[in-house]
């Protein structure tokens, strides 16, 4: 088919990026008090669980973590075929908390817009900060990430894929050329 | 994901994969119903018309809430107080509603097959059957399945007893098709006059003794004795006699499995098909059914109106 795949980050590079992002989160927020982690399904929730684990190792504190599914908030409902609906699972209040929103890849910014609307419907957080493993550019909305694992310049027709193993631990980030 | 239906007429047409998708989607929407702010923008700009030619409180309210919680515009039309009383035909009424660019028409009608008749004639709108005559009531069956799945963790392999006026129950038929598709054993029981001939050909075990039907069941679904239909065409001698032989009470419920759940599509006739002790007992999940009804209807509306034909 002529499509080419290139590995951008391997498992240990991802682990190091997550560790650095965790340190940045803790530095900016002066610890983990009042923090909550919300991962965007699917993939972001696995990374959020990993950051939660790192915070525990570094600070010894437990940070609540949940998952948000943005399908109900997408701006393209009614365009194309109907999408499967995942589950939002946030079993704690967001009011007056600092939310770290976690996603695998930031691209147009539309998913993040949908996720922020979803969070605002559920509560009133003090702040929302965004952590992503990969920033591939091509933003269509005025949104930027606060914590970035790796900036990867990409063409629009390329795809970026984050692979996880069965225990939801990240294995690899791949760039797929058409 | 493939949801290939444009209309929901009955559970008879739904595959196992279809039902699983509807239940999973409904589970996602349940979370919205438990929030402080019970509204998501998913179907904003969509129009849903509830066209009810028969009385309904639960089903109509449930569809209305489902649409509104997804930000769709929901309008109710009931036969009394509409141009139906001026002699307009069903087809003309529906064509007019379609001309107003309704995305989904939710329809209840006393004639079996009326929603199907519309679905074949409308070119743009989707039709959901909210109960037609003695035919089907698919959204009720799907909320029953969601309730069973929540309480039992599965549907396959369970024994479900459905007791009452099987002949005139659209709920019984929709439950039967859907439960069989999902791999449950279905037992039907009622007085002989209320058991339609040939129903066993649909894969049900048929009993005229409620005790045999209930024995070791995981789920007992009691059907309402339809007092409004009893007036014209009586199938039972008296309500008291019916209650004596076919009501679920504190004695016969003991024949079911100890963890069996008791369901009822409502409205309850306390003291007729179900004793108040059982209706309010620890095994009843009747209000869970009502709660799940909103989520299941959100799922149906989303699956019909959340995509487009052009790709």
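No lab work stands behind these numbers, since they all come straight from the coordinates. Remember, it's a predicted structure, so these values are computed and weren't measured experimentally. So basically every Cβ, Gly included, is an ideal-geometry build from the backbone, and we count neighbours across all protein chains shown.
For chain B, the longest principal axis of the C-alpha atoms and the axis of helix B:58-69 are separated by about 40°. Angle between the Cα long axis of helix B:286-305 and the longest principal axis of chain B, 0 to 90 degrees, nearest 10? Taking the Cα atoms of chain B, the angle to B:286-305 is about 30 degrees.
Among B:281-292, B:248-259, B:159-170, sorting by the average number of other beta carbon atoms lying within 10 angstrom of each residue, highest first, gives B:159-170, B:281-292, B:248-259.
Each listed q (0.08, 0.09, 0.15, 0.18 Å⁻¹) maps to a log10 I(q)/I(0) for chain A from the Debye sum over equal C-alpha point scatterers, namely -0.24, -0.30, -0.86, -1.24. A Stokes-Einstein calculation at 25 °C with viscosity 0.890 mPa s, built on the Kirkwood radius of the protein assembly as shown over Cα pairs, returns a diffusion coefficient of 98 µm²/s. Once you reduce the stretch A:77-143 and the stretch B:161-226 to the center of their Cα atoms, the two points are 47 Å from each other.
Name the shape class, rounded, prolate or oblate, that the alpha-carbon gyration tensor gives for the stretch B:143-287, where a ≥ b ≥ c are the square roots of its eigenvalues, rounded holds for a/c under 1.5, and otherwise prolate holds if a/b is larger than b/c and oblate otherwise. List each step's numbers first, then the result.
On the way: a/c = 1.61, a/b = 1.21, b/c = 1.34.
Here the stretch B:143-287 falls in the oblate category.
Averaged over the residues of peptide B:31-43, the number of Cβ atoms from other protein chains lying within 10 Å of each residue's Cβ is 4. Rg/Rh, computed from the Cα trace of chain B with Rh as the Kirkwood radius, has the value 0.97.
Only Cα pairs under 8 Å and at least 6 apart count here; give the relative contact order of chain A as a rounded whole percent.
Numbers: 346 pairs, mean separation 48.2, N = 178.
It comes to 27 percent, rounded to a whole number.
Using Cα atoms only, what is the angle between the long axis of helix B:138-152 and the major principal axis of chain B, expressed in degrees (0 to 90) to the nearest 10? Helix B:138-152 sits roughly 60 degrees off the main axis of chain B.
Please work out the FRET efficiency for the pair residue B:202 and residue A:30, using the Cβ-Cβ distance as r and a Förster radius of 56 Å; give the result to the nearest 0.05. Walk me through the intermediate numbers first.
Working: r = 67 Å, r/R0 = 1.19.
For residue B:202 and residue A:30, the calculated efficiency is 0.25.
Pairs of Cα atoms nearer than 8 Å and 6+ residues apart set the relative contact order; for chain B it is 20 percent. Contact order for the stretch B:1-149, expressed relative to its length and based on alpha carbon pairs under 8 Å spaced 6+ residues apart, stands at 27 percent.
Mean partner shielding of peptide A:59-69, defined as the number of other chain Cβ atoms within 10 Å of each residue Cβ, is 0.
Return the inverse of the average 1/r over all pairs of distinct C-alpha atoms in the stretch A:93-158, which is the Kirkwood hydrodynamic radius, in Å to one decimal. Present the calculation step by step, with values, prior to reporting the outcome.
Values: mean 1/r = 0.0804 Å⁻¹.
About 12.4 Å for the stretch A:93-158.
In plain terms, if you count all Cα to Cα distances in the stretch B:228-279 and split them into 10 Å steps from zero, the share in each step is 22, 49, 24, 5 percent.
Can you give the log10 of the normalised intensity I(q)/I(0) at q = 0.21, 0.22, 0.29 Å⁻¹, computed with Debye over equal Cα scatterers of the stretch B:245-311? Cα-only, vacuum Debye calculation for the stretch B:245-311: -0.86, -0.92, -1.26.
The per residue volume of the convex hull around the alpha-carbon atoms of the stretch B:78-148 is 101 Å³. Centre-to-centre, using Cα atoms only, the stretch B:269-311 and the stretch A:28-50 are separated by 35 Å. The distance separating the Cα centre of the stretch B:61-114 from that of the stretch B:116-134 comes to 10 Å.
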